[in-house]
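This report refers to the structure that appears directly beneath it.
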Amino acid sequence: MLDELGKLIGAEHVLEAPANSPYNSDASRRSGLEGRADAVALPGSAEQVTDVVRWCYEHDVPIVPRGGGTGLVGGAVPTSGGVVVSLQRLTRVRELEPGLWRMHVEAGVRTRDVQRLARENGLFFAPDPGASEQSLIGGNVATNAGGPHALKYGVTGAWVAGVEAVLAPGELVEIGGWARKDVAGYDVKSLLVGSEGTLGVITAVRLRLLPARETALALVVFLADRAAGCAALLDVLAGGIEPAALDFLDGVTLSFVAGGYPGEVPGRAGFALLVEVDGSAEEAERARDAVVDVVGTRAVAIDQPADRGALWRWRDSFNGVVTGVHGAKVSEDVSFPVERLRDGLERFDEIAALHGLRSCSWGHGGDGNVHATVLVDPAREDELAAAEAVGAELFELVGRLEGSVAAEHGVGVLKGGLLAHQWDARAVELHEQIKRAFDPKGLLNPGKKLARMRG
């Protein structure tokens, strides 16, 4: 295998994958998930990706596409062996047209570089998933990654005008393009977006951009408790205000991270909303004032940080701070209809307490996206088992409240089979039929994004 792949893309770009290879895991490794690749291929062009996929398909070898390895659900883990196809060398910017608000980049361009290129040319690329320094744009498209600003600007897929991908049994195709209106066929592009490498290997993406925002302003609204916080969140939406971001953190999370806040956290605060508004200076100021007017009667205090960057750096620290409280944590990325957010948060805490675990939650409240978390001692098997039981009950709760078991991190391995919690049987069948149509041998990222478990 190594020799034959080396003839296709150069021997120096084909690696073995011993047990300690970083290509055997992704950021879900802390969940104990690790595979074992038979080989790692690092093609340098879309054509070389095509050659590798064609060889693998001819020889019945599993194909595991990989971006920056920042996924949290095992989507890039070679659980069935095979060849990990890393896109990290596909770094070419094929087209950048500031006057037409667009960019065509290969899958290996870092997310942060996409954002930087847009900004340097007076434009704006809003999707801002975590780990943007390490994540690659192809991986973000393949998982349809979200982030705080998805409330106003949508997840990554909303910015994708077209994709270039290698499909089975090894054909390079382009789907979509720069036409702003195109309803000529089925939306195959959107099937590939978020498919997590199970339908094809994305090699390049056409991205729509927007003119840069003139300014963005931030507010932190401190509230007494969860009831007041969730009510204030709904008040903002009902008030006709369109925040760029509307994040939340519950009282337990706030107690953990208060020491790092770039300001003063009121002693009576038991919930907080992080609000960002943007637009022209006049639009942003008007929206900020509207938020203050709407939530003012409920708030314990409202802070208007001068350094918006410091606020978001604080927000990015939550994961690490909460992990350190008890040695480890288990977080599930789910979403509830926004009007059921309070109910979902309360019932999640009840589930965790029944299993003897301390819980906390934070997330993107404006679209109901919750990072539901329990604290565990990684050395205690009983707590790890309890955390797994909490997760299973949470997914059942999500189904009852008509939410989603995967809001922005994808399905991968760790959430395999959970789609049946929120889709009816016929929809699940269609999901599986689409997979077979694209990948009749089942070699593209096998075992990932399963609608239901087999066996």
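The values are calculated or read from the model by the stated rules, or taken from the named source; none is laboratory data. This structure is a prediction, so every number in the text was calculated from the model and none was measured. Using ideal geometry, Cβ is built from the backbone for each residue, glycine included, and neighbour counts are taken over all protein chains shown. SASA here: full protein model, heavy atoms, side chains in, ligands and nucleic acids out. Shrake-Rupley method; radii C 1.70, N 1.55, O 1.52, S 1.80 Å.
Do you know which of the residues in region 223-244 that are on the phi < 0 side of the Ramachandran plot and not in a helix (DSSP H, G or I) is most open to solvent (accessible area, probe 1.4 Å)? Filtering first and then ranking leaves Glu242.
Return the pairs, sorted by first residue and then second, in which the second residue is of a type in the set (S, T, N, Q), the first residue lies in region 402-417 and is open to solvent by 20 Å² or more (accessible area, probe 1.4 Å), the beta carbons are less than 7 Å apart, and the residues are 6+ apart or on different chains. Close Cβ pairs (under 7 Å, with a partner that is of a type in the set (S, T, N, Q)) amount to Ser404/Ser335; Ser404/Gln422; Ala407/Ser335; Ala407/Asn369; Glu408/Asn369; Val413/Thr79; Leu414/Ser28; Leu414/Ser31. Being polar (S, T, N, Q) and in contact with a helix residue (DSSP H, G or I) (Cβ under 9 Å, 6 or more places away or on another chain) is the requirement here; does Thr79 meet it? Criteria not met by Thr79.
Only a single criterion out of (1) open to solvent by 10 Å² or more (accessible area, probe 1.4 Å); (2) over 21 Å from the mean Cα position of the chain (by Cα); (3) closer than 16 Å to Val166 by Cβ; (4) not hydrophobic (A, V, I, L, M, F, W, C) is not satisfied by Arg66, namely (2).
Within the set Arg94, Arg89, the sole residue that is under 25 Å from Leu5 (Cβ atoms) and of a type in the set (Lys, Arg) turns out to be Arg89.
If you go through region 433-455 and keep only what is of a type in the set (Lys, Arg) and outside any loop (DSSP other than H, G, I, E, B), you end up with Lys435, Arg436.
Remark: Gly6 falls outside the filter, which requires a residue to be touching a Ser or Thr at 6+ places or on another chain (Cβ under 6 Å) and of a type in the set (Gly, Ala, Ser). You will find that of Ser28, Ser86, the residue that is closer than 30 Å to Arg380 by Cα, open to solvent by less than 10 Å² (accessible area, probe 1.4 Å) and among the polar types (S, T, N, Q) is Ser28 and no other. Within region 422-434, residues that are closer than 15 Å to Val411 by Cβ and without any contact (Cβ under 8 Å) to a residue 60 or more places away in the chain reach partners that are of a type in the set (A, V, I, L, M) and surrounded by 12 or more Cβ atoms within 10 Å (Cβ to Cβ) with beta carbons closer than 6 Å, at six or more positions or on different chains, in the pairs Val428/Ala420; Val428/Ala451; His431/Ala451; Glu432/Ala451.
Pairs meeting the criteria (first residue in region 259-284 and touching a residue at least 40 places away in the same chain (Cβ under 8 Å) and of a type in the set (A, V, I, L, M, F, W, C), second residue open to solvent by 20 Å² or more (accessible area, probe 1.4 Å) and assigned to a strand (DSSP E or B), beta carbons under 6 Å, at least 6 apart or on different chains) are Ala269/Val300; Val277/Leu217; Ala281/Thr215; Ala284/Thr215; Ala284/Leu217.
The single residue among Ala118, Ala131, Ala126 that is outside any helix (DSSP H, G or I) and either open to solvent by less than 20 Å² (accessible area, probe 1.4 Å) or touching a Phe, Trp or Tyr at 6+ places or on another chain (Cβ under 8 Å) (or both) turns out to be Ala126.
Being at pLDDT below 95, more than 30 Å from Ala76 (Cβ to Cβ) and not in a strand (DSSP E or B) is the requirement here; does Asp182 meet it? For Asp182, the condition - at pLDDT below 95, more than 30 Å from Ala76 (Cβ to Cβ) and not in a strand (DSSP E or B) - is met. Of the residues making up region 327-364, those that are out of contact with any strand residue (DSSP E or B) (no Cβ under 6 Å at 6 or more places or on another chain), farther than 12 Å from Leu397 by Cα, of a type in the set (A, V, I, L, M) and free of Cβ contacts under 8 Å to residues at least 60 places away in the same chain are Ala353, Leu354.
Looking at Ala19, is it open to solvent by less than 50 Å² (accessible area, probe 1.4 Å) and not basic (Lys, Arg)? It would help to see each step written out before you state the result.
Numbers: open to solvent by less than 50 Å² (accessible area, probe 1.4 Å): no; not basic (Lys, Arg): yes.
In short, no.
In region 166-217, the residue that is most open to solvent (accessible area, probe 1.4 Å) out of those that are acidic (Asp, Glu) and under 20 Å from Val109 (Cα atoms) is Glu174. For Leu33, the requirement of being at pLDDT below 95, out of contact with any strand residue (DSSP E or B) (no Cβ under 7 Å at 6 or more places or on another chain) and either of a type in the set (Lys, Arg) or more than 22 Å from Glu133 (Cα to Cα) (or both) is met. The set of residues in region 400-447 being under 20 Å from the mean Cα position of the chain (by Cα), over 17 Å from Gly71 (Cα atoms) and polar (S, T, N, Q) consists of Ser404, Gln422.
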